[in-house]
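Worksheet: one structure, shown below.
Read-outs throughout are calculated quantities, based only on the coordinates presented, and are distinct from any laboratory measurement. Since this is a predicted model, take the numbers as computed values, not measurements. No Cβ is skipped: glycine too gets one built from the backbone with ideal geometry, and neighbour counts run over all protein chains shown.
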There are 2 protein chains.
Amino acid sequence: MNPVHVQQIECLLTLADELHFGRTAERLGCSQSRVSQLVAALERRMGVRLVDRTSRRVALTRFGGQFVDEVRPAYETLTSVIAGAHERARRGALRRLRVGFHGSVYEEVTEAFRRLRAEHGVGIALSEIPLGSPFSAVLAGELDAAMVELPASEPELTVGFRFPPQDRLLAVASWHPLARAEAVHVEALAGLDVLHPRGDAPDYWRAARVPRTTPAGAPIRSTMGISTVQEGLALVAAGEHVQLVCRPLADRAARGDVRCLPVEGWGEGHSSQLGLVWRADRAVPALRALAALLDEEFAGAPRSPAPPGVPAAPRASG
Amino acid sequence: MNPVHVQQIECLLTLADELHFGRTAERLGCSQSRVSQLVAALERRMGVRLVDRTSRRVALTRFGGQFVDEVRPAYETLTSVIAGAHERARRGALRRLRVGFHGSVYEEVTEAFRRLRAEHGVGIALSEIPLGSPFSAVLAGELDAAMVELPASEPELTVGFRFPPQDRLLAVASWHPLARAEAVHVEALAGLDVLHPRGDAPDYWRAARVPRTTPAGAPIRSTMGISTVQEGLALVAAGEHVQLVCRPLADRAARGDVRCLPVEGWGEGHSSQLGLVWRADRAVPALRALAALLDEEFAGAPRSPAPPGVPAAPRASG
DNA sequence: ACTGATCGATGAGCTAGGCTGATCGATGAT
DNA sequence: ATCATCGATCAGCCTAGCTCATCGATCAGT
């Protein structure tokens, strides 16, 4: 059976609007006879008369009207999908950016996602990244970008945006002696067993997560690795371990058997900072657009002064 | 800009399945070189590489994969719409049957509608018909069929199916003296003012709805016409009028200020019966299918023995 | 490393069919 | 009765859809 040509559909839909072969031909940029032929071909193909036409009057048949009602949305969906893809191709953009995240997704970020979709036609496929493997998915090309804790000094990676630094808190079990205090001093970490992320993260990154020593030089124990935040909190609640978390995470993952305390006495700069990271060799325009949007959304908020787009300097690691 | 051809889309989708130009060509019934050309043309049209291909490996590009993901459902929608319409055209059926109804729609009827859609691919556009104009919408061609009260002895109309006869009840205001009784005798109608449907129904039909006289010959008053059931019930509740209704309607439209009583003493055959009515000159197969389905759904229920498909004999009218 | 097999790209060449312009016949207005 | 409008149809041109044959690249096996 002859395939139905898009042209025939387009012609029928236009004719349904105009109810006039001449004007239809004009709108379609072809001759009137072509319109006649296209409609006739479609009718032959469908085996029904779709348009009742005399030299004085053009009207859809009952069947033709229902056919138009059905086909028009389907046809428009198809053409708009193609047009959208074409537009994206023209801009070198992608349908969906695959973005991974650590911890929590700030509201400013979801807003940036919304605007990215609205203003650039690029959607987001969001996925959580295992705690201890911040870079591997991006490096492997499975993700286009990741919002992960800095530092990120991999040579292949670019830090496109730096989120405002956040205080780091210490999560301890509610019944733990430390939990009674308002805050805890860094040096107290020396006596504790701090949880560290388990994964294939580089060494300098692990060290920045859980310092090897306190500022005074006392070694910090870390005998247990975790893969997810929930895992960590459960272990903290059990009481044998403590965990360093950033403030948004502490707010979100609140549970009764865990308390989060400010940590005093870090040297300066010992805050937790997330960054939007991507592979330098795969920087698509949409990524830069996302970084720009994040920049706008976080404007005014306290934020690292490092300009976006340059590789991050490795954080001092102990 | 060149239009995108369905063929190109179809080719890409097939290629996305097969990941092999030769097999794709085979499935499409064309040469391998054609597949190569079609894909190349689509890529030229879209301005992006959609398929990564060496002589040993065929894979969709990132963009190509997303494009396929988007286009495939849109394309399949369009083709299935066309195929469905074609199938319907082949059977001479229509997308939706426009059916009107009076009173209420029995569950068996909705079941028949469901099956009509499932088994014959024909949907239903349902609309309520003004109480007193059972035939005009069908006669005017605005509806394909109507489920209305019989008799229907218009020469242009066919009664395709007769619903089981239903008792007729008398609706009276709850505080009306008659409401205290368990039932009311026909002859009592002589003293009441019975509501009649207002519309362009033929005379024999109006007479069948509200008899002019009781069996004994006493004239029945009917000074007020109504257009909808709600209108009628409101007037009944007000107390000046009473209304004859069929049982399903009485059950459904129950309200506290109206009571429905059985009426005793009709001659036989004085029940209310609905019929599926259509214009004899516009009997489409789907209508006969619907009648057959109704026949099945009501099988076993008490029902008029008149075979479907023959014009209804006019009911004796007083 | 050589050989052969497999696979996609490319170019030449054929022709179906997409498209136009001219014309005809039907219809309705004046 | 005349004229204007409109859709169908036909003849004919030429684009572009399609195939066949061939080439170059890649990989397995020896």
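Note on the range A:6-91: Cα convex hull, mean projected area over all directions, 5.9 nm². Expressed per residue, the C-alpha convex hull volume of the range B:100-177 stands at 133 Å³.
Taking label points 7 Å from Cα along the Cα-to-Cβ direction, residue B:80 and residue A:23 give a separation of 3.5 nm. The charge dipole of the protein assembly as shown, taken about its Cα centre with unit charges on the Cβ of Lys, Arg, Asp and Glu (plus for the first two, minus for the last two), comes to roughly 1840 debye. The mean number of Cβ atoms from other chains found within 10 Å of a Cβ in peptide B:94-107 is 1, as a whole number.
Counting charges near residue A:50 (Lys, Arg +1; Asp, Glu -1) among other residues having Cβ under 11 Å from its Cβ returns a value of +3.
The ranking of A:241, A:5 from fewest to most other beta carbons within 10 Å of each one's beta carbon is A:5, A:241. Shielding value for B:57-68 is 3, the average number of Cβ atoms from other chains within 10 Å of each residue's Cβ. Label points for residue A:227 are taken 7 Å from Cα along Cα→Cβ. From this copy to the others they lie 7.0 nm apart, shortest first. Calculated from DSSP H runs of 4 or more alone, at -39500 (n - 2.57) each and per residue, what is the 222 nm mean residue ellipticity of the protein assembly as shown, nearest 500? One gets -11500 deg cm²/dmol as the mean residue ellipticity at 222 nm. For residue A:288, the point set 7 Å out from Cα toward Cβ sits 6.9 nm from its twins in the other copies, listed from shortest up. Sorted shortest first, the separations between the residue A:13 label point and its copies elsewhere in the assembly read 1.6 nm; each point sits 7 Å from Cα along the Cα-to-Cβ line.
Averaging the Cα positions of each part gives two centres, and for the range A:253-281 and the range B:249-270 these lie 76 Å apart. Rounded to the nearest 20, the Cβ-based charge dipole of chain B about its Cα centre (Lys and Arg +1, Asp and Glu -1) stands at 1340 debye.
Length available on full extension from residue A:167 to residue A:280: 0.36 nm per residue minus the Cα-Cα distance, which gives 37.8 nm. By the gyration tensor of its Cα atoms, with a ≥ b ≥ c the square roots of the eigenvalues, what is the shape of the protein assembly as shown: rounded for a/c under 1.5, prolate for a/b over b/c, or oblate? It comes out oblate by the Cα gyration axes.
Fewest-first ordering of A:35, A:184 by other beta carbons within 10 Å of each residue's beta carbon gives A:184, A:35.
Say R0 is 22 Å: what FRET efficiency, to the nearest 0.05, do residue A:32 and residue A:52 get from their beta-carbon distance? E between residue A:32 and residue A:52, to the nearest 0.05, is 0.80.
With the largest listed first and rounded to whole Å, the semi-axes of the equivalent ellipsoid of the range B:70-224 from the Cα gyration tensor are 44, 18, 13.
For chain A, the pair-distance distribution built from all alpha carbon pairs, in bins 10 Å wide starting at 0, is 5, 21, 21, 14, 10, 9, 9, 7, 3, 0 percent.
Across peptide B:192-200, the average count of Cβ atoms from other chains found within 10 Å of a residue's Cβ is 0.
Across all directions, the average flat footprint of the convex hull enclosing the Cα atoms of the range B:168-264 is 5.8 nm².
On the beta carbon distance between residue A:299 and residue B:72, with R0 = 41 Å, the FRET formula returns roughly 0.50.
Within 10 Å of each residue's Cβ, count the other Cβ atoms and sort A:23, B:62 from fewest upward.
If I rank by nearby Cβ atoms, fewest first, I get A:23, B:62.
Centroid-to-centroid, using Cα positions, the range A:182-210 and the range B:40-108 are 54 Å apart. Size descriptor for the range A:1-149, Kirkwood hydrodynamic radius: 19.1 Å (Cα pairs only, one decimal).
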